[in-house]
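A.B. asks: Please find one structure pasted underneath; my questions will follow.
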Amino acid sequence: MTQNDATAPATLEVKGLRAAVGDREILRGIDLTVQQGQIHALMGPNGSGKSTLSNVIMGRPGYRILEGSVTFNGEDITLLPPDQRAKRGLFLAMQYPTEVPGVSVVNFLRTAYQAIKGEQISALAFRKHMKTQMDRLGIEDAMVQRYVNQGFSGGEKKRNEVLQLAVLEPTLAILDETDSGLDIDSLKLVAESVNELAGPELGVLIITHYQRMLNYITPGFVHVMMLGKIVKSGGPELAHELEDKGYEGVRRELGIEAHEEVDEGPDEGVA
Amino acid sequence: MTSLWFDEAAFELLPKATEPLQRMRKQAFEEFRALPIPSQETEEWRYTDLSDFELSFEAHLPSVMRTTSGQDLDGLGVVFSDLDRAAGSDAELVERYLHTLVPTDRTKFTALHGAFRTGGTFLYIPRDVRVELPLQTLTYLDADGAAAFPHTLLIADEGAEVTFIDRFASPDLARALSDAIVEIVVGDGAHVRYVSIQEWGAGVTHLGIQRARVGRDAEFRSLAIGFGASLARAEAETVLAGAGGFSEMLGVFFADGTQHFDHRSVQDHVAPNCSSDLLYKGALRDASRAVYSGWVHVRPGAQKTDAMQTSRNIVLSEHAKADAIPNLEIEANDVRCGHAASVGPVDEETVFYLESRGIPRAEAERLIVTGFFQEVLDRVRLDEVRHNAELAIQEELAELSTAGVA
């Protein structure tokens, strides 16, 4: 199944995916394909299953796949530990990045870089690589000397996620509500960083509740998720349609009951 | 080498000390014979079972190396030497302080120590003398079946300042005993930093007592790093004897295999207006066991005491077990005392975060534990000491990412 063709773009393919937390089915049949070089936006109201999808793709513990498949470059990744998925080129920018007390951003990133690339890199060479990325994103030195996410503001946490994305050079990145909890200036800064990184080498799946991040980043593909399913897909115009009509408009159009929305997985209260 | 049962014949074979010390030694020998092996039925020893401990060892001296970081100590009037030698050259000080903080009749093992100790480290800093760089003693044991009695007697006179690193190391041995005593006198207004790094090999039973007496407006900062020995019982006690004194006790330990750690601490507030802060952090893997019991004792009259005691433990394996038992005994009414303790596995959210960045689980745990200890080391202000401790920790944890792969 594995594609060995180095010239083929990296491809994440989700097919007929159903997944549950405990006994509660949250994903009810998802089909989604994202390729290196593309920008997709997955939009949906709270509890529609967006974060669950990103967690299942990355392999966060606590989720059970009931049916369907998740493949990356043709390889079934559902049984791989998360670090192996990262090693193959997947990246998840977290909605709630975790603090790692006592571990500096630079130390953390160098360890991750070495694990992903499978080779040792001198502290000096790594610093050079990281500095290049920091300059691209306008991140100051002080931040990478601090302990990972400890005492970071909401904006700093999200920018730190984007820095990791830049340094670790994945082929496909999922940004899980990277816009949440940010004021307008931080949002702009983070969105510009993502724009800077997007390109032929990177596929991006932006998961968001709001349209506002899409004022800065133009996705080629927009999907609307409700009740654990992708109910509508289209081009960039779909994001504007949502902006005008709201999720309520889509519900009316498709005849979906609003009150059926469920709470989402472990990161939203279960754990 | 002759097998040693610590009997009359063995005692007679010891090199003779000066008259007053010889008397102290004889008395300790009598105490040793009279005292029982500590029983698990007593509160002090309930977590460590020595009932089958055989007191038979080879007579052997550890090799001791002292380093001065190239400082001219003689010029400062500092004495840094073998304890037996100091008993001749600085008889008055040695006789005034030896075994005053840890008396020989405290337990059978302190008595054994008092009777059979030869060598050890004596460090004296005269009044208002500041020793810039750390002084260090390395006690190295490499004989199977040997008993070692490391002793450190550190006296900082009024206003003196010093940093001392006590390092204990050995290869893995079939069986050995380290029966250690550290006595530290922190004079009025003096500043003492004391670091112990215990890296005994497997097979060693380490029974150590460290006790410091802190004078008026004096400052005592200690850092204990414990990685080694099959069984390590380490007691660290600070007596705040003069008003305005300060004591910081930091501890970092890591246990693996079937290691057994029994850590005990005492913050004894005798004088008013003193503060003390204790932070111990431990990580355990495999089938290791660790118990921390701490006492904060505020005596009547020790008003305005500010005391804190914190014990944090990460348990990396379901077969390892840790306990933290804080105790407060407060006999004054105008004090601020607190304690905090936690025992738990490594945080799964953090592990997932690291894994999602490509870091395999074992390596993620190593990084998390390193950071967990780093928070203690961040409180060590002296770069050289912190760097020393960081290296010791890195070395100890290096195997965690390879051997720990499940």
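A.B. asks: Which members of the range A:99-147 meet the condition of being in a loop (DSSP other than H, G, I, E, B) and closer than 23 Å to B:GLN394 by Cβ? Even if it seems obvious, please write down each step before you answer.
C.D. replies: Step one: filter the range A:99-147 for residues in a loop (DSSP other than H, G, I, E, B), giving A:99-103, A:118-122, A:138-140, A:146.
A:GLU99, A:VAL100, A:PRO101, A:GLY102, A:VAL103, A:GLY118, A:GLU119, A:GLN120, A:ILE121, A:SER122, A:ARG146 - these are the residues of the range A:99-147 that are in a loop (DSSP other than H, G, I, E, B) and closer than 23 Å to B:GLN394 by Cβ.
A.B. asks: What number goes with the only condition from (1) on the phi > 0 side of the Ramachandran plot; (2) among the charged types (D, E, K, R); (3) in a helix (DSSP H, G or I) that B:ASP128 does not pass?
C.D. replies: (3)
A.B. asks: Just to be sure I understand, how many residues within the range A:110-147 are more than 8 Å from chain B (Cβ to nearest Cβ), of a type in the set (A, V, I, L, M) and under 23 Å from the mean Cα position of the chain (by Cα)?
C.D. replies: The total comes to 6.
A.B. asks: Being touching a helix residue (DSSP H, G or I) at 6+ places or on another chain (Cβ under 7 Å) and either more than 14 Å from every other protein chain (Cβ to nearest Cβ) or closer than 17 Å to A:GLY16 by Cα (or both) is the filter here, so list the residues in the range A:73-88 that pass it. Walk me through how you get there before you give the answer.
C.D. replies: Filtering the range A:73-88 for residues touching a helix residue (DSSP H, G or I) at 6+ places or on another chain (Cβ under 7 Å) gives A:77, A:81-83, A:85-87.
The one that is touching a helix residue (DSSP H, G or I) at 6+ places or on another chain (Cβ under 7 Å) and either more than 14 Å from every other protein chain (Cβ to nearest Cβ) or closer than 17 Å to A:GLY16 by Cα (or both): A:ILE77.
A.B. asks: How many residues does the range A:13-37 contain that are in contact with a strand residue (DSSP E or B) (Cβ under 9 Å, 6 or more places away or on another chain), modelled with pLDDT under 95 and of a type in the set (Lys, Arg)?
C.D. replies: 0
A.B. asks: Now for a different question. Could you run through the range B:309-344 and say how many residues are within 30 Å of A:ARG60 (Cα to Cα), of a type in the set (Lys, Arg) and surrounded by fewer than 18 Cβ atoms within 10 Å (Cβ to Cβ)?
C.D. replies: Count: 1.
A.B. asks: Any residue at all in the range A:37-49 that is hydrophobic (A, V, I, L, M, F, W, C), under 26 Å from A:ILE139 (Cα atoms) and more than 8 Å from chain B (Cβ to nearest Cβ)? Break it down stepwise before answering.
C.D. replies: Quick first cut of the range A:37-49, residues hydrophobic (A, V, I, L, M, F, W, C) only: A:39, A:41-43.
Those still in the list that are under 26 Å from A:ILE139 (Cα atoms) too: A:39, A:41.
Filter once more, so that each one left must be more than 8 Å from chain B (Cβ to nearest Cβ): A:39, A:41.
So far as the range A:37-49 goes, yes, one or more of its residues are hydrophobic (A, V, I, L, M, F, W, C), under 26 Å from A:ILE139 (Cα atoms) and more than 8 Å from chain B (Cβ to nearest Cβ).
A.B. asks: Still on this structure, I have one more. Can you name the condition, by its number, that B:HIS319 falls short on among (1) within 14 Å of chain A (Cβ to nearest Cβ); (2) outside any strand (DSSP E or B); (3) farther than 23 Å from B:ALA389 by Cα?
C.D. replies: (1)
A.B. asks: Does B:LEU101 fit the bill of being in a loop (DSSP other than H, G, I, E, B) and over 19 Å from the mean Cα position of the chain (by Cα)? Step through it out loud before you land on a result.
C.D. replies: Working: in a loop (DSSP other than H, G, I, E, B): yes; over 19 Å from the mean Cα position of the chain (by Cα): no.
Answer is no for this residue.
A.B. asks: Being of a type outside the set (Ser, Thr, Tyr) and more than 17 Å from the chain's Cα centre (by Cα) is the filter; apply it to the range A:50-72 and report the residue that is farthest from the other protein chains (Cβ to nearest Cβ). Give the derivation first.
C.D. replies: Of the residues in the range A:50-72, the ones of a type outside the set (Ser, Thr, Tyr) are A:50, A:53, A:55-62, A:64-68, A:70, A:72.
Pick out the ones that are also more than 17 Å from the chain's Cα centre (by Cα) and you get A:62, A:64-68.
Values: A:GLY62: 9, A:ARG64: 16, A:ILE65: 17, A:LEU66: 21, A:GLU67: 24, A:GLY68: 21 Å.
My answer is A:GLU67.
A.B. asks: Still on this structure, please answer the following. Have a look at A:GLU192, A:GLU248 and point out the one that is in a helix (DSSP H, G or I) and without any contact (Cβ under 8 Å) to a residue 24 or more places away in the chain. Let's see the steps before the verdict.
C.D. replies: Details: A:GLU192 fails: without any contact (Cβ under 8 Å) to a residue 24 or more places away in the chain.
Selected residue: A:GLU248, the only one of A:GLU192, A:GLU248 that is in a helix (DSSP H, G or I) and without any contact (Cβ under 8 Å) to a residue 24 or more places away in the chain.
A.B. asks: Taking the range A:38-59 as the search range and keeping residues that are in a helix (DSSP H, G or I) and not polar (S, T, N, Q), which one is modelled with the lowest pLDDT? Step through it out loud before you land on a result.
C.D. replies: Just the residues of the range A:38-59 that are in a helix (DSSP H, G or I), to begin with: A:50-58.
Okay, now just the ones that are also not polar (S, T, N, Q), so A:50, A:53, A:56-58.
Values: A:LYS50: 93, A:LEU53: 97, A:VAL56: 97, A:ILE57: 98, A:MET58: 98.
That would be A:LYS50.
A.B. asks: Out of B:ARG221, B:ARG233, B:ARG216, B:ARG193, which single residue is surrounded by fewer than 21 Cβ atoms within 10 Å (Cβ to Cβ) and part of a strand (DSSP E or B)?
C.D. replies: Details: B:ARG221 fails: surrounded by fewer than 21 Cβ atoms within 10 Å (Cβ to Cβ); B:ARG233 fails: surrounded by fewer than 21 Cβ atoms within 10 Å (Cβ to Cβ); B:ARG216 fails: part of a strand (DSSP E or B).
B:ARG193 is the lone residue from the list that is surrounded by fewer than 21 Cβ atoms within 10 Å (Cβ to Cβ) and part of a strand (DSSP E or B).
A.B. asks: Right, next: Please work out if B:ASP347 is under 30 Å from B:CYS274 (Cα atoms), surrounded by fewer than 21 Cβ atoms within 10 Å (Cβ to Cβ) and not aromatic (Phe, Trp, Tyr). Before the answer, list the steps.
C.D. replies: On the way: under 30 Å from B:CYS274 (Cα atoms): no; surrounded by fewer than 21 Cβ atoms within 10 Å (Cβ to Cβ): yes; not aromatic (Phe, Trp, Tyr): yes.
Answer is no for this residue.
A.B. asks: Continuing with the same structure: Find the helices (runs of 4 or more DSSP H) located wholly in the range B:331-404 whose residues include 3 or more that are at the interface with chain A (Cβ under 9 Å from one of its Cβ atoms), touching a Gly at 6+ places or on another chain (Cβ under 8 Å) and under 18 Å from B:ASP256 (Cα atoms), and list them. Break it down stepwise before answering.
C.D. replies: Numbers: elements: B:348-355, B:361-377, B:383-398, B:400-403.
Correct list: B:361-377.
A.B. asks: Are any residues in the range B:325-335 among the aliphatic types (A, V, I, L, M) and in contact with a Lys or Arg (Cβ under 8 Å, 6 or more places away or on another chain), and if so, which ones?
C.D. replies: Taking the range B:325-335 and keeping what is among the aliphatic types (A, V, I, L, M), we get B:325, B:328, B:330, B:332, B:335.
Answer for the range B:325-335, where residues must be among the aliphatic types (A, V, I, L, M) and in contact with a Lys or Arg (Cβ under 8 Å, 6 or more places away or on another chain): B:ALA332, B:VAL335.
A.B. asks: Same structure, new question: When you go through (1) in a loop (DSSP other than H, G, I, E, B); (2) under 25 Å from B:THR258 (Cβ atoms); (3) away from chain A (no Cβ under 12 Å) one by one for B:PRO300, which number turns out not to apply?
C.D. replies: Going through (1) in a loop (DSSP other than H, G, I, E, B); (2) under 25 Å from B:THR258 (Cβ atoms); (3) away from chain A (no Cβ under 12 Å) one by one, B:PRO300 breaks only (2).
A.B. asks: Check the range B:289-301 and report whether any residue there is of a type in the set (Gly, Ala, Ser), more than 20 Å from B:SER196 (Cβ to Cβ), within 21 Å of the chain's Cα centre (by Cα) and surrounded by 20 or more Cβ atoms within 10 Å (Cβ to Cβ). If you could, list the steps in order and put the result at the bottom.
C.D. replies: Of the residues in the range B:289-301, the ones of a type in the set (Gly, Ala, Ser) are B:290, B:293-294, B:301.
Of the ones still in play, those that are also more than 20 Å from B:SER196 (Cβ to Cβ) are B:301.
Next, only the ones that are within 21 Å of the chain's Cα centre (by Cα) stay: none.
Scanning the range B:289-301 turns up no residue that is of a type in the set (Gly, Ala, Ser), more than 20 Å from B:SER196 (Cβ to Cβ), within 21 Å of the chain's Cα centre (by Cα) and surrounded by 20 or more Cβ atoms within 10 Å (Cβ to Cβ).
A.B. asks: So, one more: Going through B:ASP52, B:ASP128, B:ASP105 one at a time, which residue ends up being farther than 25 Å from B:ARG193 by Cα and in contact with an Asp or Glu (Cβ under 8 Å, 6 or more places away or on another chain)?
C.D. replies: Only one candidate qualifies: B:ASP105.
A.B. asks: B:GLU31 - would you say it is surrounded by fewer than 18 Cβ atoms within 10 Å (Cβ to Cβ) and not β-branched (Val, Ile, Thr)? Reasoning before the result, please.
C.D. replies: On the way: surrounded by fewer than 18 Cβ atoms within 10 Å (Cβ to Cβ): no; not β-branched (Val, Ile, Thr): yes.
The answer is no for B:GLU31.
A.B. asks: So B:ASP256 fits all but one of (1) within 30 Å of B:ALA146 (Cα to Cα); (2) surrounded by fewer than 24 Cβ atoms within 10 Å (Cβ to Cβ); (3) at pLDDT 95 or above; what number is the exception?
C.D. replies: Here B:ASP256 clears every test but (3).
A.B. asks: Considering only residues of the range A:92-105 that are at pLDDT 95 or above and more than 8 Å from chain B (Cβ to nearest Cβ), which is surrounded by the fewest Cβ atoms within 10 Å (Cβ to Cβ)?
C.D. replies: A:SER104
The values are calculated or read from the model by the stated rules, or taken from the named source; none is laboratory data. If you're wondering where the values come from, they're calculated on a predicted model, not measured in any experiment. Don't worry about glycine lacking a Cβ; one is built from the backbone with ideal geometry, like all the others, and counts go over all protein chains shown.
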